[in-house]
Amino acid sequence: MNGDRKLTGKTLFITGASRGIGLAIAKRAAADGANIVVIAKTTEPHPKLPGTIYTAADEIRAAGGQALPLAVDIRDEEAVLDAVRQAVETFGGIDILVNNASAISLTDTEHTPMKRYDLMNGINARGTFLCTQACLPALKASAAAGRNAQVLTMSPPLSLHPRWFGPHVAYTMAKYGMSMCTLGHAMEFRKHGIAVNSLWPRTTIATAALQMIPGIDTMRSRKPDILADAAHFILTRDARDAGASGNFHLDEEVLAAHGVTDLDRYAVLPGNRDFIPDLFLD
């Protein structure tokens, strides 16, 4: 089977899909006519973080897809399992899981309250593992049916360089926990024909969450669309191809491999070449 070049009729279970990168990936898939399960906590507008599961669902439908908005805290096992059940009942299965939900705090040990530590590890590492575990039966069924089952996690390449740990060890542990899920699950799920990969941006991405980090100039960032387009290339590759699983992709490299080298349209400030490099890239 050759990988489908489109996601028409596929069902994507996307965490953190109410805004930012998750919503951009959802809308790109919706343009193909995909079904999107919108997983996020926000049901009422937030003063600093625009977008709810319902506004996201409206945007997904306007882009050409179907949407199932579900209010879920991915730290809640029963809520995640119920969301998977509703997704399967509504759309007949789940073909793709996108682990996008994440919490960030770039604080050192002294200034990281345990409540924040628990939030980051609960959402990032544990949430990724839980959602993958919960979706696995549906993903195995999708793979068995020849529907190109995949898991894509928004997490960085693994590096043990101390500079990625010293300034914010709690966040690094939580984020690398997501990447370790990719490393392990790619090997574990290969026998089922499920591809598991990570995707990470070369530069910072202008999202509402980024704007809440002091000192970050979002004008030196790129738009979430660059990750949406890179994710689309990954998710339309045949999951059973040699080399299709266990990768830590960078957005620029994925696009370049598909002949997309003019990235100016993704810049927040057109013509800018002075981008802020993202974390974890040696």
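The values are calculated or read from the model by the stated rules, or taken from the named source; none is laboratory data. Here the structure is a predicted model, which means the values were calculated and not measured. Positions of Cβ are backbone-derived with ideal geometry, glycine not excepted, and every protein chain shown enters the neighbour counts. The protein model used for the area step is the full one, side chains on, heavy atoms only, and it has no ligands, DNA or RNA in it. Shrake-Rupley method; radii C 1.70, N 1.55, O 1.52, S 1.80 Å.
For the chain, what % of the accessible area comes from carbon and sulfur atoms, probe 1.4 Å?
Summing carbon and sulfur atoms, their accessible area is 55 percent of the total for the chain.
In debye, nearest 20, what is the charge dipole magnitude of region 2-114 about its Cα centre with +1 on Lys and Arg Cβ and -1 on Asp and Glu Cβ, if you could check?
520
In what order, largest first, do 269, 279 sit by accessible area if the probe radius is 1.4 Å?
Descending order: 269, 279.
State in Å² the accessible area per residue of region 1-140; use a 1.4 Å probe, count heavy atoms of protein chains only, and round to the nearest integer.
Spelled out: the 1.4 Å probe surface of region 1-140, per residue, equals 45 Å².
Among bridges DSSP assigns within the chain, what percent are antiparallel (round to 5)?
Percentage antiparallel, nearest 5: 5.
Quick one: Karplus J couplings for region 43-60, per residue in order, coefficients 6.51, -1.76, 1.60, θ = phi - 60°, nearest Hz, x for Gly and Pro?
10, 10, x, 9, x, 10, 10, x, x, 10, 5, 7, 5, 4, 4, 5, 5, 5
Compute the separation of the alpha-carbon centres of region 39-117 and region 119-191 and state it in Å as a whole number.
16
With a 1.4 Å probe and every protein chain left in place, work out the accessible area per residue of region 141-282 in Å², rounded to a whole number.
Result: 43 Å² of accessible area for each residue.
Could you check which residue among 184, 259, 20 shows the biggest mean-square fluctuation in a GNM of the chain with a 10 Å Cα cutoff?
Its mean-square fluctuation being the largest, the pick is 259.
Could you work out which residue, out of 17, 242, 208, moves most in a Gaussian network model of the chain, that is, has the largest mean-square fluctuation with Cα springs under 10 Å?
Of 17, 242, 208, the Gaussian network model singles out 242 as fluctuating most.
If you count only protein heavy atoms and use a 1.4 Å probe, how large is the accessible surface of residue 173, to the nearest 10 Å²?
In the full protein context, residue 173 sits at about 80 Å².
Which one, 41, 27, 175, has the greatest fluctuation when you compute a Gaussian network model over the chain with C-alpha springs under 10 angstrom?
Among 41, 27, 175, the largest mean-square fluctuation in the Gaussian network model of the chain belongs to 41.
Give the accessible area for residue 266 in Å² (nearest 10); use a 1.4 Å probe, count only protein heavy atoms, and leave out ligands, DNA and RNA.
So the heavy atoms of residue 266 present about 10 Å² to solvent.
Once you put a point 7 Å from the Cα of residue 73 and another 7 Å from the Cα of residue 265, both along the Cβ direction, what distance in nm separates them?
Once both label points are built, they end up 4.1 nm from each other.
Rounded, prolate or oblate for the chain? Axes are the square roots of the Cα gyration tensor eigenvalues, ordered a ≥ b ≥ c, and the cut-off for rounded is a/c under 1.5.
rounded
When all protein chains stay in place, what accessible area (Å², nearest 10, 1.4 Å probe) is found for residue 180?
Estimated to the nearest 10 Å², residue 180 gives 110 Å².
Using a 1.4 angstrom probe with every protein chain in place, what is the largest-first accessible-area order of 165, 189?
165, 189
Taking the Cα centre of the chain as origin and charging only Cβ (+1 Lys, Arg; -1 Asp, Glu), how large is the dipole, in debye to the nearest 20?
Roughly 240 debye for the chain.
With +1 on the Cβ of every Lys and Arg and -1 on the Cβ of every Asp and Glu, and nothing else charged, how large is the dipole of region 66-204 about its Cα centre, in debye rounded to the nearest 20?
Roughly 480 debye for region 66-204.
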